[in-house]
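The values are calculated or read from the model by the stated rules, or taken from the named source; none is laboratory data. Computed from a predicted structure; not experimentally measured. Here the Cβ positions follow ideal geometry from the backbone for every residue, glycine too, while neighbour counts run over all protein chains shown.
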Amino acid sequence: MKPARAARRVAIIGNPNTGKTSVFNALTGLAQKVGNYPGVTVEKKIGLLAPGIELVDLPGMYSLAAHSPDELLAARVLLGEHDGEPRPDLVLVVADAANLQRNLYLTTQVIEIGLPAILVLNMIDAAERRGISVNTRALSRILGVPVIPTVAHRRLGIAELRAAIHDSVGSPPPRPSWTLPEAIVRERDALASRFGANAYILMRALIDEGGPVEQFLASRMDGDLRDALAEARARIRVSGRSPAAEEAEARHRWIAGALETTVRREERRKSLSERIDNVLVHRVLGLPIFMLVMSGGFISIFMWAVPFMDLITGAFGFLGELARRLFAGTPLQGGALESLIADGALAGVGGVMVFLPQIVFLFFFIALLDDCGYMARAAFLMDRIFRAVGLSGMSFIPMLSSFACAVPGILATRTIGNARDRIATILIAPFMSCSARIPVYSLMIAAFIPARMIGGVLPLQGLVFGAMYFVGIFAAIPAALVLRRTLLRGPGSTYLMELPPYKIPSPRSVGIRIIDRSRTFVRQAGTIIFAMSIIVWALGYFPRPPEIGRAHEALRAEARLSLDGEARETRLREIDREEAGAYMRNSVLGRAGRLLEPAVKPLGWDWKIGMATIASFPAREVIVSTLSIIYDLGKDAEDRREKEALIGKLSAARWPDGSPVFTIPVAVSVMVFFALCCQCGATLAVIKRETNSWRWTALSFGYMTAIAYIGALVVYRAGTALLA
Amino acid sequence: MRLNECRPGQIGTIVGTVGNGPLVQRLMEMGVIAGARIRVVRLAPLGDPMEVELHGYRLSIRKAEAGVVEVSI
C-alpha cells in the first residue's frame, strides 16, 4: 500500500439508518480494511475509492455534539487533530432524503468544520414514494456544497457521486450562509484567543457541558479552562436558554427555512411500513410474533449449521490423519513435531473453523433483520424488560448474538452509546450459553441423565439441556443489577432510538456484512483460539518421561510375540492409547490438575475433570477431547462409537475408595460450572480489546469463575443430599 | 401537558423541553424543539417505551424521558 500521506483521503459521515454503509460499499466494494482508530476502541473502516483515493468511515451519529467517544473522535478526525490520522481532503455527508429536517442538523455542523463537503441524498426513491420531492439544485445553492441524489443499494447515482468527488477533492471549503447565535460566537472567539486551541473544539466544549470534549481539553491544557467555560456558559444563560438550546434552536430554525423553499411534500395515505408495524409491534400480537421470529431463527441457525460443522470436523480429522501418514516411516514419526501439527495446530484451526457455520448463519439472521428494520423494533419491544435489570433495549442484539458466541456479542455492543450500559452488557454477555458449551452439555447429559419421560410427556434430558440455558440467564440478571449498583453506578440506562421505515433487505449489503463480520470473527477469535490451542497442547505434551515410552515399548514387543492378526492390531492400538493417557497424566497439565484437586474436590470433581477444565481454556468444547485422552480413548470422541466408549469409561471411573466419580450431581455440577464460567480465551481477549482495560477483563474472569464455582458447589451439595 | 401523558393517536405541538443535560440536548438535536408537530403513534406492548412521529420520522423514547417534553394538544 502507498503511504497514507501520498493518498487523498475522503471521510464519510451520516445519521444512523441513512444507508451510509451502502454508500460506502457502493463506492469501495469489498476492498475494505477494518481496524481501530489509534488509541480508541472506535471501529475504523477504510476502503479504496479510486486509485490514490481512500474512503474512511466515521461512526453513525446524529450530531457532532460529543456525548460519546464516537462523536469526539469524528470531530477530531474531521479537524485533523486525532494523532496518527491525516485530515481528510473531503467529507461526504450521507442523509436520508425523506428526513432532511433531522439529517441537515449534522450536515450543517460538518460544513462548519471547514472541509470541502458533498451532501449525498440517499434513498431518494423511498422519499419520492412518500410524496417528498427535493430540489437538489436549490438545496445545493443554500448549503454551498454539491448535493447528489442516490439509491446506494441499487447503485443509482454512484457514478455521479464519483464524478462529484473527483471535482471536489482539493476545492476550497464552503462558506456557510447561516450564522450561529451571536452569544455563542462571541464566547467561542473569546475562548479561542485566550486558550489558543481550535475554535471549533472550544465551541463544542462550551456547548456540550460536561461531555468528553471538555474532559479531553481540560486534561491537556494548563490554566483554568473549566472555570472559563462555566463563566462563558453563565453569560449565555442570561438569555434564559442553555448554550445547547441556543445551538439546537438556531440550527433547526435555519433548516426549516431552507427546506421550505427546497422540499415539497404531498400527503400520502398510511404507508406500508406503518401497516406492517400495526401487526409486528401490535399490543397483543407483538410479543408472540417476536418470540416466534427469534426462536424460529435460532432453531434454524443450529439446524442448518449441523451438516457444515460435521463436514468441517470430518475435514480436519482427515487432515490430521494425512499429517500422521506423511510422518509415517520418517525418523520424525511419533515425535513432537507430528503431534504439534496434528494435535496442536490442525486441532486449533479446526476448533475455530467448526464455529464458523453457526457464526455465518447468525450474522445472516441478524443482518437480515437489521437491514429490513425489525431489529430496531426488537429493541423497542424488549426495552421494558432490559430496563428492569438496569440495561436498555439496545442490549438485546448483543445478548442474542452471545447465544451463538460471546465474541460477536461483545463486538455488537459498540452500538450502545451509554458507556456504563455498554460495559454492563459486555460483562454479562458471556453468561448466555454459547454453542461451544453444547458439546459439554450433550456429553454429560448423554452419559448421566436418564432418558426418561417426566409425567410421560417431557423428556428429562431435553429439560436439563434447556435448564442450562436458563442457568446462564438467571445468573445474568442479578449480575447486571449488582454491577449497575456498584462498579457501574450512575444514572439509569438510556434509550432513545429511531424506528426506521421497513425496507426489503439488500442482498448485497447483507452479504458484505456477513463476510465482514465473519472475517473479524476469524481474525479476533481465531488467532487467540489458535495460539491457546498450541500452548495447551505443549502443556499437555511435555515433559515426556522416557520410562513411559520404554514401558509401553516393552508391552508392544510382548504383544507382537504373543498375538497375531486382528487381536494383535487391537492390542497395539490399546497400548498406543494407554501410552498417550500416561503421558498426559504426567504432563505439566496433568500435574497442574492434581495440584488443583483440593480446589475442585468440593464440587465432586476428581483431578481429571479439573485438568480437562484447565485444558478447555482455548475453547470450552476441548474438555470433551481432553477427557477422552485422559481416559485412554484417543482423541476422536466426536465419532459416535468413540463417544459411547467415553461414556462407558466415564461411568466406570472410580475414586480410590471404589465409589463412582461421575454421579448425576457431579455431571450437573460440571455442566453448571461450564454454563457460568468465563473459561474462554477468545472472549477474554475481546473484552480486553473492547473495554481497553485489564481491570474489566480480570473482573469478568474472576467474578464469573466465582459464580460458576458457587453454582457448581450448590448443585453438587444439594444433589448429593437429595439422592442420599 | 407532558409528552408521557399523551395517549396514542394524539397530535400536539412541542412547547419546549425542561431541564438540560445530554438527554435534553440529544432530543433537541433530533428535532424536539418548540413549534414542531409531534404525534404519539403507540406504546410498546409492555406499556413503555412510546413511539412518536415528528418531522416525518419515528422515534422511540421511554416515558420517563418523554416527561421532559412539554406539548400542547
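At-a-glance table
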item: Residues of region A:659-681 classified as under 16 Å from residue A:615 (Cα atoms) and either touching a Pro at 6+ places or on another chain (Cβ under 8 Å) or outside any helix (DSSP H, G or I) (or both), total; result: 5
item: Selection from region A:268-295 of residues that are crowded, with 16+ Cβ neighbours inside 10 Å and facing another protein chain (nearest Cβ under 9 Å); result: A:273, A:277, A:281, A:286, A:287, A:290
item: Test result for residue A:98, within 14 Å of another protein chain (Cβ to nearest Cβ), farther than 30 Å from residue A:692 by Cβ, part of a loop (DSSP other than H, G, I, E, B) and not acidic (Asp, Glu); result: yes
item: Flag if residue A:138 is away from chain B (no Cβ under 14 Å) and either touching a Gly at 6+ places or on another chain (Cβ under 9 Å) or part of a helix (DSSP H, G or I) (or both); result: yes
item: Of residues in region A:417-439 being surrounded by fewer than 24 Cβ atoms within 10 Å (Cβ to Cβ) and among the aliphatic types (A, V, I, L, M), the one farthest from residue A:300 (Cα to Cα); result: A:419
item: Subset tally (residues that are in a helix (DSSP H, G or I) and within 10 Å of chain B (Cβ to nearest Cβ)) for region A:211-232; result: 0
item: Extreme residue, nearest to residue A:398 (Cα to Cα), among residues of region A:329-369 that are among the hydrophobic types (A, V, I, L, M, F, W, C), more than 17 Å from the chain's Cα centre (by Cα) and outside any helix (DSSP H, G or I); result: A:354
item: Helices (runs of 4 or more DSSP H) (entirely within region A:452-550) containing at least 3 residues that are more than 14 Å from chain B (Cβ to nearest Cβ) and exposed (fewer than 13 other Cβ atoms within 10 Å of the Cβ); result: A:460-485
item: Filter pass, residue A:498 being of a type in the set (Asp, Glu) and in contact with a Pro (Cβ under 9 Å, 6 or more places away or on another chain); result: yes
item: Some residue of region A:78-101 being in contact with a Pro (Cβ under 6 Å, 6 or more places away or on another chain) and modelled with pLDDT under 90; result: yes
item: Number of the exception - residue B:66 against (1) facing chain A (nearest Cβ under 8 Å); (2) surrounded by 15 or more Cβ atoms within 10 Å (Cβ to Cβ); result: (1)
item: Output for region B:25-63, where each listed residue is part of a helix (DSSP H, G or I) and within 7 Å of chain A (Cβ to nearest Cβ); result: B:25, B:26, B:28, B:29
item: Filter result for the condition that a residue is surrounded by 14 or more Cβ atoms within 10 Å (Cβ to Cβ) and of a type outside the set (Asp, Glu), over A:264, A:233; result: A:233
item: Of residues in region B:5-20 being of a type outside the set (Ser, Thr, Tyr) and in contact with an Asp or Glu (Cβ under 8 Å, 6 or more places away or on another chain), the one farthest from the other protein chains (Cβ to nearest Cβ); result: B:15
item: Count of residues meeting criterion [of a type in the set (Val, Ile, Thr) and within 12 Å of chain B (Cβ to nearest Cβ)] in region A:237-267; result: 2
item: Out of A:599, A:592, sole residue that is surrounded by fewer than 15 Cβ atoms within 10 Å (Cβ to Cβ) and at pLDDT 85 or above; result: A:599
item: Subset of region A:685-702 [closer than 19 Å to residue A:614 by Cβ and either crowded, with 20+ Cβ neighbours inside 10 Å or in contact (Cβ under 8 Å) with a residue 24 or more places away in the chain (or both)]; result: A:685, A:697, A:700
item: Flag if residue A:205 is crowded, with 16+ Cβ neighbours inside 10 Å, in a helix (DSSP H, G or I) and either within 34 Å of the chain's Cα centre (by Cα) or small (Gly, Ala, Ser) (or both); result: yes
item: Identity of the residue in region A:383-394, in a helix (DSSP H, G or I) and free of Cβ contacts under 8 Å to residues at least 60 places away in the same chain, that ends up surrounded by the most Cβ atoms within 10 Å (Cβ to Cβ); result: A:384
item: Residue, farthest from the other protein chains (Cβ to nearest Cβ), within region A:376-405, restricted to residues that are modelled with pLDDT of 90 or more and farther than 18 Å from residue B:46 by Cβ; result: A:402
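Yes or no, residue by residue, for (1) within 14 Å of chain B (Cβ to nearest Cβ); (2) surrounded by fewer than 23 Cβ atoms within 10 Å (Cβ to Cβ); (3) in a helix (DSSP H, G or I):
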position	(1), (2), (3)
A:13	no, no, no
A:22	no, no, yes
A:27	no, no, yes
A:33	no, yes, no
A:48	no, yes, no
A:55	no, no, no
A:60	yes, yes, no
A:84	no, yes, no
